[in-house]
1. Could you rank Tyr208, Tyr47 by how accessible they are, 1.4 Å probe, largest area first?
2. As an exercise, identify the chymotrypsin sites (Phe, Trp or Tyr not before Pro) in the stretch 86-116 lying in DSSP coil whose Cβ has no more than 13 other Cβ atoms within 10 Å.
3. Roll a 1.4 Å probe over the protein heavy atoms and report the accessible area of Leu402 in Å², nearest 10.
4. Please give the charge dipole size of the stretch 2-198, origin at the Cα centre, charges +1 on K and R Cβ atoms and -1 on D and E Cβ atoms. Round to the nearest 20 debye.
5. What number comes out for accessible area per residue over the chain if the probe is 1.4 Å? Units Å², please.
6. Any chance you could get the radius of gyration and Dmax over the Cα atoms of the chain, in Å?
7. Relative contact order for the chain: what is it in percent, counting Cα pairs under 8 Å that are at least 6 residues apart?
8. What does DSSP give for the chain in terms of the percent of beta bridges that are antiparallel, rounded to the nearest 5?
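The values are calculated or read from the model by the stated rules, or taken from the named source; none is laboratory data. Computed from a predicted model, the values in this text were never measured in an experiment. Positions of Cβ are generated from backbone atoms using ideal geometry, with glycine treated the same way; all protein chains shown enter the neighbour counts. Accessible surface is based on the protein model in full, side chains and every heavy atom, while ligands, DNA and RNA are left aside. Shrake-Rupley method; radii C 1.70, N 1.55, O 1.52, S 1.80 Å.
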Amino acid sequence: MRVAMIGTGYVGLVSGACFADFGHTVTCIDKDAGKIAALNSGSIPIYEPGLDLLVAQNVKAGRLFFTTDAAEAVRGADAVFIGVGTPSRRGDGYADLTYVYAATEEIAALVEGFTVVVTKSTVPVGTGDEIEAIFKRLRPDADVTVVSNPEFLREGAAIEDFKRPDRVVVGTEEPRAQAVMRELYRPLYLNETPILFTSRRTSELIKYAANAFLALKITYINEMADLCEAVGADVQQVARGIGLDGRIGGKFLNAGPGYGGSCFPKDTIALVRTARDAGTPVELIETTVKVNDERKRAMARKVVKALNGNLKGKTVGVLGLTFKPNTDDMRDAPSLAIIPALQDRGAKVQAFDPEGLHEARELLRGVTFKDDPYDVAEGADVLVIITEWDQFRALDLDRIKLLMNAPVLVDLRNIYKPEDMRARGFAYTSVGRAAV
Ligand code: UGA
């Protein structure tokens, strides 16, 4: 099959490379000439484990192309995917569909023959209808079916998630479009991955319902963590104790500093808007958004408490800035709320992140960026782990202790064990477990 992929962000680039790896011929299109030039010279604009190799292999095999010119790729395509960003609209939190509609107009001017136009971007319920209306208006002659095919990949595990998904959701009831989509996902079909055909609106909602549910699940365990701290219980054992119940499931029950990233924060708010507009508010998700926002400030207070209430003139060392490990993405990262709150209370902050420093320098003011965890520990009055990168899991703690002004550790991802830390002589605070 011939695929045109509009947008080379996370979703577009990973999906494009993976479809090429399935054996399809894929052209990725982006308006950003610099990005396309970089991709054509073999450099990948984002940090995603394995993506560089996958792109290189498929470019070499003659199945994956990058261009700024949509014309040829769209004209010859069986399927045109829209994989552009749908950020939160400033001020009101609705998904900003400017890029989606601009891509639609561009595609409408070009399509030839039967073409399936697929939204891979996360788009609110009814966006497919709007896209269809644009085609009807601009190209009443075109033979186009608009399909929703949301993506469920996680940053940092994107290739694995694309190639071995729990399910593929395809929103179309049109048999010719279903056949094209089935053919595109044939390798997964052979693997017996469930491929769920639904109406377009249902498929659009499934994406939001999934992300909001996961955000709710994380927020639930975060609130349980607070309760554990108050009553002397251990949240990790609570998570295990409830997660072994097959109806609940153990995934996404890691308590931490609150969810961040490019998806959960914007998608929960967009779902709240959709639901309010439909006259059926999703109050659980409204509360989730509020609790998660407040949590970041609460995490800063945890650090203040670890230093007995006084941050003035103190040096806070921060390990991990990205919203999660294995990405360079800083969007809505908890660090962006926690660090300024510490600075407001008079702390000096020095920080390290394995992949996020480039972006972090643009987003965090007044922070001294260091080259490794030990530089961060040097002269610090407290060390705060905000992101659970693997390399922070096996730090040389004796060395860290010697480098610090005082051995105080605030572990917002529970990557160390309280009893070990006590044995090593650290004052140790974590999430949902007794401080030692
Ligand atoms: C999320 C979803 O997991 C994907 O299925 C979805 O495709 C994607 O959004 C999207 O809509 O594009 P992602 O944002 O990459 O993926 O990252 P997650 O692994 O879901 O983590 C999101 C946030 O939740 C992070 O800040 C992470 O630290 C936090 N989290 C996650 C926890 O605090 N605890 C957990 O147990 C799991």
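1. Descending accessible area places them as Tyr47, Tyr208.
2. Loop-located and lightly packed - Phe114.
3. 150
4. It works out to roughly 240 debye.
5. 45
6. When restricted to Cα atoms, the chain yields Rg and Dmax of 23.4, 75 Å.
7. This gives 12 percent for the chain.
8. In the chain, approximately 5 percent of DSSP beta bridges are antiparallel ones.
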